Every structure is written in C-alpha cells, then in structure tokens.
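Undergrad: First, the structure itself, so that you have it in front of you.
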Amino acid sequence: MKPLPKSTFDGAAQIHMVSNTPMYLYKHLRQNADVSKVADQLTTAELLKSISFYTTGKGTKLDEAVVAAYACLVALSFKPLSEFEDDLKALDASCLRWLPELREIILSQNLSSRIEFNTPIIQESNIQRVNPADQKVKGKLTPTIWTG
Amino acid sequence: MPISLGTRYSTRKISLVTREENAIDNEQQLNLSNSLLTDLQGKAKKCREQYKTCTFLVDYSPAYNCHGLAFACRRTAIHDSKDLRTILEDDCYEKVQDNDVKPGDIVLYISTGDIEHSGIVVGTGGAYIVPLIRSKWGIGPEAIHHANVCPYDFTYHEFYRVVK
C-alpha cells in the first residue's frame, strides 16, 4: 500500500503534539478539515487498511505513522458504525497508546453521519410581502431536514 | 522498565501517589528517535509563530505534559481526568472563585467533563484582565500565556488551591 502524503497530516500532527488527553485529540481531529477530507476520499475499507499499514505494516517506519493512524481512526468515525465496528473492536495496535480510549469514545458517541442543513438564500427578490391581516394557516407545516 | 514502541520512543511509569496513597497512572516518553525530535522541533516552531504573545520556555519535552507540570513537578505525564479528580480530592485542593485567584493556584480547562488542560497561575490583577498561566502544551512547548491565549478552550475553567 502507498502511504498518504505526509503533508495530509500536518494539521493533525500539530493537534497531536498539544493533546493532553485522548478526548482532546479526538475532538480536535474530528474538527480538522484534513481529517474530514481523508474521511471523504477514502472508503471504510481503505481507512481500515491505512490504519493497519501505519500500525503494523510497512508504514510503522514512517515518522508520521502514529499521527496518521490516529487521523484515520478518527476519520472512521464519520463512516456508518456498522461498516467498522467489528474491526475497531478487534484492532490491536500497541503503538497507539490512546487506542483503548479513542475506541471507547468512537463506539459510544456513534457520530457516524453528518447532518447538513440546506438553508435557502434569502434575497430581496424572493421575499414574499404579506399583509399580516391576510395570513391564514393553510395545511400542516412540515419542516424538512436534508441529511447526507 | 521502559516499554519500547518500535524504534521511535519508549515509555515508562514512575511511582506517583496522592496523600491518601491512591496510585496515579502516568507515563514518561523517553528515547525519542532523532527524526521524531526534529519533527517536534518543527512543530514547536509553528507554535511560536502562531502564539506570538506567549513566552516559550521549553520547546518540547515528551517526558511530561500539562497535568504532570501542575501536579507532578514536571516528572511525568498524566492523561486521565479521573486521576486528576483523585488528586484534587486527596491532596486537599479547594475551588477558588475567579476574583480570588492568586499566583500559584491551578487552573483547569474543562470540556464536557474532560480536563483537557491545566496550568499554574503566575500573574493576576493589574494589567492582566485574565490571569497569566504557565503551562505545558502536550509533549510540545512549555509557555507563559494569558489564560485564553493557547490551544485550549478557556470558556469552562476552574481554579484550585491547596488549602491544608
């Protein structure tokens, strides 16, 4: 397997350096744009392969191995839990000292999907001017949330 | 006995207990490879560039973290919030109100129950609207900084002092 470019993990490396607790590491990696990008670009199977590459494969020799493995682990949390739950529970990587804590956080938080709100742009041209006196409730109001 | 993690670094624990003899889990990272040290140096430089108003005293040290600085005299790293609560309880720390903070008090940065950072107050009052803190940023730099100028969220914080 070919490693991801080292620069992919520059932001994650900075977060890793200043992390005092596993929760801080998880929270800030999850907010990191590069980690989100890795989650978008790689499938669950590719992420699992990458974690294995950086923790037990040839990738362990790379300087960024630990940070890359943590980043891929957190990237997994963007995927549906059913796709990686068993692999995550079985994962054994002594080089990741916070693996047990991160595993627990990911499994307990189960934040496997992202919710996006599509808010229409409000412009002067599409505002309907209504006289309050004429307002009547017609039918049932059904708010819509788009998830993706 | 140090545990070796590949060729990159090794770790070991030291004996650390509270006044009530509760053991505190801890970890020193030792014998980092030259390439990791160079890497850390580069990241520490980035911190200096990002936080220009802070005074950096140590570029990096994997031997201790913020909690190790605040509660174990820079001898080791402590990661577990439960252990920190045990120290606060066993070692007779009491909460201090923001308007009563004095140099030497401990500040905790708290996020959803996790004590994500701690430091020692080194300056209050006068020109300092928020206290000046001396703290260690993970395995990276040790710095003097305003409480709200660092990689940690100061929104939810608590100050503590040993009272007996």
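The values are calculated or read from the model by the stated rules, or taken from the named source; none is laboratory data. Note that the coordinates shown come from a computational prediction; the quantities given were computed from them, not determined experimentally. A quick note on method: Cβ atoms are made from the backbone with ideal geometry, for glycine too, and the neighbour counts reach across all protein chains shown.
Undergrad: In the stretch B:48-66, how many residues are within 10 Å of chain A (Cβ to nearest Cβ), in contact with a strand residue (DSSP E or B) (Cβ under 7 Å, 6 or more places away or on another chain) and within 17 Å of B:Tyr152 (Cβ to Cβ)?
TA: Residues that pass the stated criteria total 2.
Undergrad: Mind checking which residues of the stretch A:55-85 are without any contact (Cβ under 8 Å) to a residue 24 or more places away in the chain and touching a helix residue (DSSP H, G or I) at 6+ places or on another chain (Cβ under 8 Å)?
TA: A:Glu85
Undergrad: May I ask you to list the residues in the stretch B:98-128 that are of a type in the set (A, V, I, L, M) and either within 18 Å of B:Tyr152 (Cα to Cα) or at the interface with chain A (Cβ under 8 Å from one of its Cβ atoms) (or both)?
TA: Scanning the stretch B:98-128 gives B:Ile106, B:Val107, B:Leu108, B:Ile110, B:Ile115, B:Ile120, B:Val121, B:Val122.
Undergrad: In the stretch A:91-102, how many are under 20 Å from the mean Cα position of the chain (by Cα) and either surrounded by 16 or more Cβ atoms within 10 Å (Cβ to Cβ) or more than 14 Å from every other protein chain (Cβ to nearest Cβ) (or both)?
TA: Total meeting the criteria: 6.
Undergrad: Tell me, which residue of the stretch B:117-131 that is among the hydrophobic types (A, V, I, L, M, F, W, C) and surrounded by fewer than 21 Cβ atoms within 10 Å (Cβ to Cβ) is nearest to B:Asn65 (Cα to Cα)?
TA: B:Ile120
Undergrad: Report, ordered by the first and then the second residue, all pairs with beta carbons closer than 8 Å, sequence separation of six or more or different chains, a first member in the stretch B:143-156 that is away from chain A (no Cβ under 13 Å) and free of Cβ contacts under 8 Å to residues at least 24 places away in the same chain, and a second member that is part of a loop (DSSP other than H, G, I, E, B) and not β-branched (Val, Ile, Thr).
TA: The qualifying pairs are B:Asn148/B:Phe154.
Undergrad: Here's another thing I want to ask about it. When you scan the stretch B:69-76, do you find a residue that is among the polar types (S, T, N, Q) and touching a Ser or Thr at 6+ places or on another chain (Cβ under 7 Å), even just one?
TA: No, the stretch B:69-76 contains no residue that is among the polar types (S, T, N, Q) and touching a Ser or Thr at 6+ places or on another chain (Cβ under 7 Å).
Undergrad: Now a separate question. Out of all the residues in the stretch B:23-40, which are within 11 Å of chain A (Cβ to nearest Cβ) and touching an Asp or Glu at 6+ places or on another chain (Cβ under 7 Å)?
TA: Of everything in the stretch B:23-40, those that are within 11 Å of chain A (Cβ to nearest Cβ) and touching an Asp or Glu at 6+ places or on another chain (Cβ under 7 Å) turn out to be B:Ser35, B:Leu36, B:Asp39.
Undergrad: Filter the stretch B:79-108 for residues that are surrounded by 12 or more Cβ atoms within 10 Å (Cβ to Cβ) and small (Gly, Ala, Ser) and give the result.
TA: Passing the criteria: only B:Ser81.
Undergrad: Would you check which residues across the stretch A:24-43 are over 11 Å from A:Leu4 (Cβ atoms) and buried (at least 18 other Cβ atoms within 10 Å of the Cβ) and list them?
TA: Within the stretch A:24-43, A:Tyr24, A:Leu25, A:Tyr26, A:Lys27, A:His28, A:Leu29, A:Arg30, A:Asn32, A:Val35, A:Ala39 qualify.
Undergrad: Is one or more of the residues making up the stretch A:34-42 over 26 Å from B:Thr38 (Cα atoms), at pLDDT 95 or above, of a type in the set (A, V, I, L, M, F, W, C) and part of a helix (DSSP H, G or I)?
TA: Among the residues of the stretch A:34-42, at least one is over 26 Å from B:Thr38 (Cα atoms), at pLDDT 95 or above, of a type in the set (A, V, I, L, M, F, W, C) and part of a helix (DSSP H, G or I), which makes the answer yes.
Undergrad: I'm trying to understand the selection: among the residues of the stretch B:74-120, which are hydroxyl-bearing (Ser, Thr, Tyr) and out of contact with any strand residue (DSSP E or B) (no Cβ under 8 Å at 6 or more places or on another chain)?
TA: B:Thr86, B:Ser111, B:Thr112
Undergrad: Right, next: Would you please name the residue that is nearest to B:His67 (Cα to Cα), looking only at residues in the stretch B:136-151 that are assigned to a loop (DSSP other than H, G, I, E, B) and in contact with a strand residue (DSSP E or B) (Cβ under 6 Å, 6 or more places away or on another chain)?
TA: Among those residues, the one meeting the criterion is B:Pro141.
Undergrad: Restricting to the stretch B:85-111, what's the tally of residues that are among the aliphatic types (A, V, I, L, M) and closer than 19 Å to B:Lys164 by Cβ?
TA: Here the count works out to 5.
Undergrad: Another one. Among the candidates A:Thr21, A:Thr56, A:Thr8, A:Thr60, which residue alone is more than 14 Å from the chain's Cα centre (by Cα) and crowded, with 23+ Cβ neighbours inside 10 Å?
TA: None of the others qualify; the one that does is A:Thr21.
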